Structures are given as structure tokens and as C-alpha cells.
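Q: First, the structure itself, so that you have it in front of you.
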Amino acid sequence: MVSERIEGIRQAYINTKPTISTKRAEIWTASHKETESEVTALRRAKAFKKVCQALPVAIFSGELIVGASGEFRRSGILTPEFSWTWVNREMSDFENRKQDPYVITEDQMALLRNEIFPYWEHQSLEEHFLKRLPEDTFKILVDTGIIDNDSKWRQAVGEITPDYQDVLFAKGFKGILEEARTYLATCDPANSVDQEKSIFYQSVIETSEGIIELSKRYAKEAQILGESAESELEKATYLRISNICQRVPENPPETFYEAIQFVWFVQLGGILSENPLALNLGRFDQYMYPYYKKDLEAGLITPDFALELIEALWLKLSEWVWTISANTADFFAGYNQFQNLTVGGRMRNGEDGTNDITLMCLEATKAIKTHQPGLSVRIHPKSSEKFVMKVMELVKEGTGFPAIHSDVAGSQMLLRTGYDPEDARDWSNCGCVVPHFRKTGQWTAAVNVNFGSALEYALNRGMSRLNGEQYGITKISMSEYQTYESIEEAFKEELGHLIRHSVIGTIAAQKCHMEMVPRPFLSSCVDGCMTKGRDLSQGGAHYNVGPVLTGIGIGVVANALAVIKKLVFEDRVTTLQALDDAMNANWDGYDDLRKLAMSVPKYGNDETYVDEIAIRLSNFYYRETAKHKDVFGSSFNSAFMGISNYIPAGKIVGATPCGRKATEPLSEGVSPFVGSDTKTPLAAMKSAAKLNHDVHTGGTLLNLRLSKQMLETPRNRADFGQVLQSYFAMGAFHVQFNVIDTETLRAAQLNPENYKDLLVRVAGYSTQFVNLSKEVQEAIIARHVHQTGQ
Amino acid sequence: MLDMYIKRDSKGYVSNIQNLSLHDGPGIRTTIFLAGCPLSCQWCANPETWYKHDVDELKPKELSVAEVVEQVLKQAYFHKATGGGITFSGGEATLQREFLEGLVTEFFDLGLHMALETCGLFDMDQVGTTLRKMDLIYYDLKLMDDPMHIKNCGHSNERIKENLIALNKLGPEVVLRLIVIEDFHGDDHFMAVANFLKENQMGLKIELMPYHQFGDGKYDALKIQRPSRKFLPPSKERLDEVKAIFVHQGFACTYQEA
């Protein structure tokens, strides 16, 4: 049950439209005008402090946790220092666009156009990056969908997990401030390295003073509100908030309530400093539990109030708006900020760390159904049944939460990247499914690499089938290949070519970040920067891990190559020329050949014939990626993840030999192509688990559909809990269930072609929904409605 | 809020929780011995479950459903990985009706395989719902002759026979377990069993349970007299003879060698 107070905040959140706030951009720009001759890092630190001093303090009715990034309950801020051109281009359409619209006024637009953007012309990260890029890389990297890294030059990188355990809760910003002053005092300006360091320490002093001042302004505002409050309860609530903001984040927290408000101030500081994607909350249950336990024992908190506070934080995390372009909104639909929060799993010493806060986090997401945080769980053989049951109960809700991970596979990935064993056990997710550790600087989603494009160029003389442009390196046409093996080789060469340009684009972006956008506030939240006296962007973190290149469409490519191998070279029922013609015609007039292509084994059905191609290509991908090194000398990492990138990636790829038509989505992560895993989710898991997840250190993602009624009883859920354990025992890393409701069953009736994998329970057995007669389908829908009370 | 799965108040008496149990059903199992029995068989191997006594190492513990579930779940990974589960034994598990119901509800929801070893003396109306959730029931039939049953087991076998017929229609697989004592259970007894099964169209699997004297130590510890020495473990030849009787009558029959 959601309390009345939380429901009040939730309703306010649901009923508030995301609104652009220009305040942060105004103050940021004004500050930069005053500091023009100073060092970049200090200019950014001073701008941050100015924002903390001048941003409107906004406490909204009924709040338990305070702090907002602008004057509106759902403010989206702007960061013109990264990119302003797209805002300038698109802002008049913000209110009317289909995906993720924002409210913006004429006055705001005039202010941006006349006062703010002109200052940043030729000064933004975007403009510098695009100038720096070699021409041939530019051609395939910038807004093409072939390889894509625009989140690394149109936005801040984010991808940081503030360290509450060893830095923030241990020291408070007062402690960080004192530490910076102490280090600064030891710097010798006659030493060139020390000169660099002293700039870093000065910038941390500025940002620490800034965040403390912001919290004190909130303390004062809460006190004023408390004094004029009408009821005693309201008054007490405001004064309590005021006392808490007076203490944190300046000091280490002493209570659960202080700790949770501390977390939000850090989050807010990160938002104001760079509007980041994937500013993660890490292992929230681990660092919050000691405060809960202490308060509970002292009689200072009840489980119900702790849950309310967690829910209040969930709402805060959901309220702020990550302002993005229409194009980016297609990739990251739904105002998603990717603030990952990971619970469950082993502790540093290897014992199970599940505690009451772990279960409350699952409960909070179930109760208020906010899209943030991105709730992830770690499961291992020693996880309690109660925890696994609670996870499956949340899965049944059909929100896609939580993302379920193998605790062990995550640790293996970190061990491979060179972490100490204790640190490797202490991992949490970054963004969606990247195993990560809080003392790390890493670009966990550096570039999306389109496997479908690489295949297309190998089969079409290096050209796009859709626009005829030359992007690849292959010289021969499809019909000239003499063996299957030579086609697979050509694909690998094209993929290697895309990887190479991804590396070029990443290094260019890293250089720009080092020069232009140091991150003093977030650097003070990550272990290593202080002792090294070096910013995150310069490699200050304790660990520097190589950027992640995310492969998109391995399922489609394996399916396509299997068709060529079987139909052309083994069964000899068609020719390369015929397939080439069919693809150029987008299968129009080739119905029989397409039918034949569709009948060849597809990835996701536990069929060795095609799965072994996927294994081979994925192994090649990680070896080829790991050959390259970034600006810090760290090897690049491979991954098969990403939430919706397979849809836009598909839009630029013509028809493929597997039977897929032009512009249709590719396959997602290590998931089968939608509808092509016609056996069971278990067979799909078997196929996915054949890949070597432990080497794809940037994470793997498997998304499966499940009908709600399969998770209806506790016993059903217990059984699926065991399915998870089995999948992880095979070495796999992640799975997420897309639980299907009545609406989807209706859609499946209309378009059975796209729902061949959809399994439903009929009567003591389960079968493919689309294979049932209309009458039975109707009966199932009727039962479903009855069972779920919809 | 957090303990929503488990209705945990019900308490009961547990004389032992035996992990790595290999002979009470498929896979690796945990056998839960519940205290108390309505019978008093002269050859019983678990006399400590009959009555309240104060011998510490044999004394049943009073535990809640939640406590038993917590202990058993520590083994759940082995149960699930080997296709094993829980076996309820005794004493007579159905005697603690509410406690058994609490446990069975929990383990059913947790997806664990469940078996019951029962002497068959219970009120079907009261325990039928609980028994229906079992996957497997081992049903003891000690003696067919009622006066002998009353003399040796302290109770008539009429209801036990009726319950077997009813239970066979309930759903879970039923395996009939027959104790074999040398020079005590004659061929006529086993023929009577076979005829009873045939008359009632019950094609049950039969498992012979060779009598053993491993429980003697418990009698000593309880300071009560050991079972009469007229009860002897059967020879292998005798077991084979009995098995042959059932096989000739068309039944599947096995026994575990001691």
C-alpha cells in the first residue's frame, strides 16, 4: 500500500508536464563571462558554485526529500557548453514532438536565442569534436546509425557511480573540502605537476563549497515554510527537513533520513554540473542498510517510514528531466535518465548481502511504478528464496523491472578487466546492463556498432542498399564469393573497419573532454581523483577502464549467414545472385525464396547450426575490440546491450538474407530476432548462454517475452526463479522479462507474424499463442482479463 | 510488509530434520520427522515420536512454520538441482494437521517437490486439501488382518484401508509400502494385500520395507524395553519370495536392500 503522503507526491509528479528551465544555463553562462581568462577546470567549478548560490530554491508541497534542478517540479535543464545547436534547431518544436515533449515559452526561447547560445558559438564540445574528426570517420560516425557516439559529444558522459561507502558518507563535503585544502597546501607551484594538481584541488574547493551552500539555502527555505505552516504536522515536517539540510551533505549522515537526503543532493549536484546520463546510485541497499539498522534499533524509524523515504527518492529520481534531442529520444524513449540502482548480491567478503533495504527497494518500485531508478538485481546460488520470489513478484507487474543479473558473471567480467577480487565482487550496474565499480572512470556506452551494416557492406560491394553510398571496404559483389567461409571473412573485415573508426571517434571525443569539460564535482565523489590530484576526465579515478563498443544485431547477422551457408553452399537450392536480387527488391516477388530463408534454423532456438555462427562472430568481436587502446592505454571492451538502439540501427539496413525486410529492427543485445525464437524462452536462453558472456565486459542483454499468467501463482514464480538460476549456471549475465498483458495478446492476434515467440499457458501446458485457434485465443484473453482484474 | 509469503504463526513439534536424505523419494531430499503417532507398532524404529519424554537428544523441538521453512530453504538449491525436495515423515505427520498444512502451503508456493510417508490413519475430510498438494505419497499398510493389526499396532486398520482407496483418487502418486518381518508376515498377508488392491482396482507400485533393528538404541536411550526379539529382519530370499508374489499378480514391486 502506498501512503497518502507518497500518493500525493506521485499524483503531482504524474500530472506535471516536463518543463524546460533555463536558469542553470543562464547562471552558467553569466559565470563564464566573468571568468574568461581563467583555467577551464576552475571556470567550470566556479560556474557550478554560482548555480548553487543563485538557482531558485524550490520545495514543493508534501515533499519529504527536497532539491530541484530548476523552478519546476519536472525541470529539464540545458547544457549549452556541450551542445546548443540541436536545441536552437528543435526548441520551437519541443512541445509538439511525439516522443518526450517539453513545455517551453516564447520568452525562454528568445532568451536562449539572444543571450545564451551566441556566447557558446564555436565554444561548445560538439563543434570542437566535429572539427577534430577525420573526414572518413566523420562520414560513417556522425548521425548515420552505422557507428554512433553522439551521446559522447552532444551530452555529458555521466556514467559515474558516486562512492558513498568510502568517500561521501565517510567524509561529507566538509571532509572533502578540508582534504582538498590540505593537499593544496602541499602543492609546490615550482613543480609543473603540482601546478596542475593545485588547479584540481582549487576546483574541488569551489564545488564543495557550492553544494554545501545549496543545501543551506534549502535548510533556510524549509525553516521559513515551517514557521508559516498551518498545521503542526506540516510544521514539524518542514523543520525536520530544515535540520537535515543544515547537516548534510556537509557532514557525514547520522540517520537513514539524512543519508537519503544526502544521496539526492549528490544526484542534484551531478545534474547541475553536467546533466548526465547514467549517474548511478550503485549498491544502495549496502550503503543505506547500516543507517536503517541503527535507527531501527534506536527506535528512530519504522519500516513503513523507511519505505516512504525510499519511494520519495524514487519520485525525485524520476522527476528531473534529461533534456535530449528528438533523435536521441528515439533511442532513449520515455524521459529515461538511466540512473541505475543495484540491489542484492554478494558483499565484498563473498557472503550474501541481501537485507531489509534490498526487499524495500523491490517493494518501492512495485508500489509506485516510477521509471526511475533503473532497478537491477544481482542473483547468485546463495541468494535467499525470499529475495528471488520478491524479484519474480516484481517481474509479474510487467514494468520490465528489475533487470536481473548473474552476480557471478558480473564479477567474472570485472576480474577480466583487471579489478581486485574484493572490488570485482562489489560491482553494480552502470546505465542499463554494464557491470561497473564505483571507483572507476569509464565510458560504458562509447559507440554503438551496427553489425547489420557490416554485413550489408560485405554483401554489397561496401555500399548501403538503401542510399547507394560507399561506407565499407569490400570491393566484390555478392555473387563473386566462391565459399561460405570467404563471406564470413568479408563480414569480419567490414566489422573490423567499423571498430577502427569507432576507436578513432572515441579517442577524438576523449581528447575533447580532457581539454574542455573537466568534472570537478563528480571527481570529488569518486575515489582516486583526490589522491592523484587529477580530474575524472584526465584519468583521475582509481580504475580507468576502456570504453565499451556495443554490438547491435548479432542475432540477425548469424541468421543471415546461416541462410547463405545452408541454401547456397550446402543444399544448393538457390544462388548468391538470386539472394542478392531478392534483397535489392526487398523480397518483393521473392515470396518462395523468403519462405525458404525463414525455414533455415534461427538463433534463439538452441540450434547448433546457427548458434555456432553467433559464437564465432561474438568471439571475433571481443578480440578485435580488445586490440585497440584508449587515451589512458586501456583496452576497448565489447558488449551486446542497449535498450532500444536496435530499432534505429535497423532503419538504415536494407533487407537481409534471413528474411528480414529493409528498415525493420535488428536484434537486441544477445536476444533472438523478434518472433524468431519459436520454441520456448528456455531454448532462447540456451542459445544466448552459448556466447561467452564473461569476455563481453561491457555487458550482455537478453530480453524475453512472457505472458503474465505464467507467473500467476507463487509456485509459478518459484519455478521461474529456478529458471534464472539455471540460466546463470550456464554462464549468462542478464535477462529481463517483458511480461505480456491483454493489449499485447490483442496485437498478436492482428499481427501473428511478429509474435511467434509468445508463449501462453493453455490448460496444464504452454504453447505459442499464435498457433491457437481464434476461439482458444479468445478464451485465454478472457481468462487473462478475469485473472488480472483488468 | 516484508513477510507476506509466510503465515508463520502455526507451531508444531519436530523430532528431526534430516538433510541429504536419499531414500525417501527422488533426488536429494530433506526429511522432516514430525512428532506424534496414533499407532503404536511393536516394531517401531522411531519410538521417540510416540510420546512426551525428556531425553534431550531425542526430544522433539517446538518450531514455527517459518523456522522450519528457513532451515529447509538452506538446502533448496540442492533439492531443485537434483529434482529432489521435502519428505514429511514421523511419527505420523498428519496428526499435526494445521502445522503440516502451514508447511505444505509454503513449500508448494516455493516450487519444491513434496512427498509424505503416512500410516494412513487420519481424517480424510480434514487433511484432503493438504494431501492433494503432495507429489508423492508413501502409504504404509502394516497388517491386513484386523485383529492382528489391533494387537500389534494398537488400532483397527478399517479406516486405513478406506483412506487408501480415497487417497488413490486424490491425485498424487501413491506408492504402497509394506513392512516385511521374517516369520511374521506370511504369504497369506501379502496375498490378502494383492486381492484388496485388485478388488478396488488400485494398480499401485509396491515397495517392500525390510524390518530393521536400527531403532534399538533409541529404546535404550528412552529407557524403555526394546521390541520383542521375535521380530527379525527378513532374509534376501524372503524378500524375493514376497516380491514374486506381487509380480505374479501383475504388480510392480521393489525393495531396497538393507
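The values are calculated or read from the model by the stated rules, or taken from the named source; none is laboratory data. The structure displayed is predicted, hence computed values, not measured ones. For neighbour counting, all protein chains shown are included, and Cβ atoms are generated from backbone atoms with ideal geometry for every residue, glycine included. Just the protein is used for accessible areas: all its heavy atoms, side chains included, with ligands, DNA and RNA removed. Shrake-Rupley method; radii C 1.70, N 1.55, O 1.52, S 1.80 Å.
Q: Assuming A:Ser61 fulfils every condition listed in (1) modelled with pLDDT of 95 or more; (2) part of a loop (DSSP other than H, G, I, E, B) apart from one, which condition is it?
A: (1)
Q: Do you know which of the residues in the stretch A:585-611 that are open to solvent by less than 50 Å² (accessible area, probe 1.4 Å) and aromatic (Phe, Trp, Tyr) is nearest to the chain's Cα centre (by Cα)?
A: Per the criteria, the residue is A:Tyr603.
Q: B:Phe184 passes all but one of (1) part of a loop (DSSP other than H, G, I, E, B); (2) closer than 21 Å to B:Glu117 by Cα; (3) open to solvent by 10 Å² or more (accessible area, probe 1.4 Å); which number fails?
A: (2)
Q: Which residues, taken from the stretch B:214-258, are open to solvent by less than 70 Å² (accessible area, probe 1.4 Å), farther than 26 Å from B:Gly203 by Cβ and over 21 Å from the mean Cα position of the chain (by Cα)?
A: Passing the criteria: B:Ala221, B:Leu222, B:Ile224, B:Ser228, B:Ser235.
Q: Related question: Identify, from the list A:Asp535, A:Asp580, the residue that is in contact (Cβ under 8 Å) with a residue 12 or more places away in the chain, under 21 Å from A:Asp630 (Cα atoms), open to solvent by less than 30 Å² (accessible area, probe 1.4 Å) and among the acidic types (Asp, Glu).
A: From the options A:Asp535, A:Asp580, the qualifying one is A:Asp535.
Q: Which condition number does A:Ala718 fail, the rest of (1) more than 14 Å from chain B (Cβ to nearest Cβ); (2) of a type outside the set (Ser, Thr, Tyr); (3) over 23 Å from A:Gly553 (Cβ atoms) being met?
A: (1)
Q: Give me the residue from the stretch B:91-105 that is open to solvent by less than 10 Å² (accessible area, probe 1.4 Å) and under 18 Å from B:Glu67 (Cβ atoms) and, out of that set, nearest to the other protein chains (Cβ to nearest Cβ).
A: Once the filter is applied, the top-ranked residue is B:Val104.
Q: Let me ask something additional. Checking B:Gly12 against (1) more than 14 Å from chain A (Cβ to nearest Cβ); (2) under 14 Å from the mean Cα position of the chain (by Cα), only one condition comes out false. Which one?
A: (2) is the only condition that B:Gly12 fails.
Q: Now a separate question. Enumerate the pairs (first residue in the stretch A:747-762 and of a type in the set (D, E, K, R); second residue anywhere and at pLDDT below 75) with beta-carbon separation below 9 Å, excluding pairs fewer than 6 apart on the same chain, so at least 6 apart or on different chains.
A: From the stretch A:747-762, the pairs are A:Lys756/A:Gln768; A:Lys756/A:Asn771; A:Asp757/A:Gln768; A:Arg761/A:Thr767; A:Arg761/A:Ile780.
Q: OK, next. Would you check if A:Ser124 is at pLDDT 95 or above, under 30 Å from A:Ser3 (Cβ atoms) and not β-branched (Val, Ile, Thr)?
A: Spelling it out, it is not the case that A:Ser124 is at pLDDT 95 or above, under 30 Å from A:Ser3 (Cβ atoms) and not β-branched (Val, Ile, Thr).
Q: In the stretch A:375-396, which residue that is free of Cβ contacts under 8 Å to residues at least 60 places away in the same chain and assigned to a helix (DSSP H, G or I) is nearest to the other protein chains (Cβ to nearest Cβ)?
A: A:Lys386
Q: Hey, another quick one. Of everything in the stretch A:227-247 that's of a type in the set (D, E, K, R) and open to solvent by 90 Å² or more (accessible area, probe 1.4 Å), which residue is farthest from A:Gly62 (Cα to Cα)?
A: Filtering the stretch A:227-247 for residues that are of a type in the set (D, E, K, R) and open to solvent by 90 Å² or more (accessible area, probe 1.4 Å), the one farthest from A:Gly62 (Cα to Cα) comes out as A:Glu227.
Q: With respect to A:Asp166, determine if the residue is surrounded by fewer than 21 Cβ atoms within 10 Å (Cβ to Cβ) and in a loop (DSSP other than H, G, I, E, B).
A: no
Rundown of residues vs (1) without any contact (Cβ under 8 Å) to a residue 40 or more places away in the chain; (2) in a helix (DSSP H, G or I); (3) farther than 18 Å from A:Gly70 by Cα; (4) small (Gly, Ala, Ser), yes/no style:
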position: A:Asn88; (1), (2), (3), (4): yes, yes, yes, no
position: A:Ser92; (1), (2), (3), (4): yes, yes, yes, yes
position: A:Arg97; (1), (2), (3), (4): no, no, yes, no
position: A:Pro101; (1), (2), (3), (4): no, no, no, no
position: A:Gln108; (1), (2), (3), (4): no, yes, no, no
position: A:Leu112; (1), (2), (3), (4): no, yes, no, no
position: A:Ile116; (1), (2), (3), (4): no, yes, no, no
position: A:Tyr119; (1), (2), (3), (4): no, yes, yes, no
position: A:Gln123; (1), (2), (3), (4): no, no, yes, no
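Conditions tested, residue by residue: (1) open to solvent by 10 Å² or more (accessible area, probe 1.4 Å); (2) among the polar types (S, T, N, Q).
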| residue | (1), (2) |
| --- | --- |
| A:Glu7 | yes, no |
| A:Asn15 | yes, yes |
| A:Leu42 | yes, no |
| A:Gln53 | yes, yes |
| A:Val57 | yes, no |
| A:Ser69 | no, yes |
| A:Arg74 | yes, no |
| A:Ser83 | no, yes |
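Q: Return the only residue of A:Glu488, A:Glu494, A:Glu515 being part of a helix (DSSP H, G or I), closer than 30 Å to A:Ile205 by Cα, of a type in the set (D, E, K, R) and touching a helix residue (DSSP H, G or I) at 6+ places or on another chain (Cβ under 9 Å).
A: Answer to the selection: A:Glu515.
Q: Which condition number in (1) over 30 Å from A:Ser92 (Cβ atoms); (2) away from chain B (no Cβ under 14 Å); (3) crowded, with 20+ Cβ neighbours inside 10 Å is the one that A:Asn349 fails?
A: (3)
Q: Do we find that A:Arg425 is surrounded by fewer than 19 Cβ atoms within 10 Å (Cβ to Cβ) and away from chain B (no Cβ under 14 Å) in this structure?
A: For A:Arg425, the condition - surrounded by fewer than 19 Cβ atoms within 10 Å (Cβ to Cβ) and away from chain B (no Cβ under 14 Å) - is not met.
Q: Between A:Lys386, A:Lys366, which is open to solvent by 10 Å² or more (accessible area, probe 1.4 Å), basic (Lys, Arg) and under 23 Å from the mean Cα position of the chain (by Cα)?
A: Being open to solvent by 10 Å² or more (accessible area, probe 1.4 Å), basic (Lys, Arg) and under 23 Å from the mean Cα position of the chain (by Cα) holds for just one of A:Lys386, A:Lys366, which is A:Lys366.
Q: Hey, any hits in the stretch A:135-147 for a residue that's crowded, with 21+ Cβ neighbours inside 10 Å, on the phi > 0 side of the Ramachandran plot and not in a strand (DSSP E or B)?
A: Checked against the condition, which is being crowded, with 21+ Cβ neighbours inside 10 Å, on the phi > 0 side of the Ramachandran plot and not in a strand (DSSP E or B), the stretch A:135-147 yields no hits at all.
Q: Continuing with this model, one more query. Output the residues belonging to the stretch B:111-131 that are within 14 Å of another protein chain (Cβ to nearest Cβ) and more than 17 Å from B:Leu176 (Cα to Cα).
A: Across the stretch B:111-131, the qualifying residues are B:Gly111, B:Leu112, B:His113.
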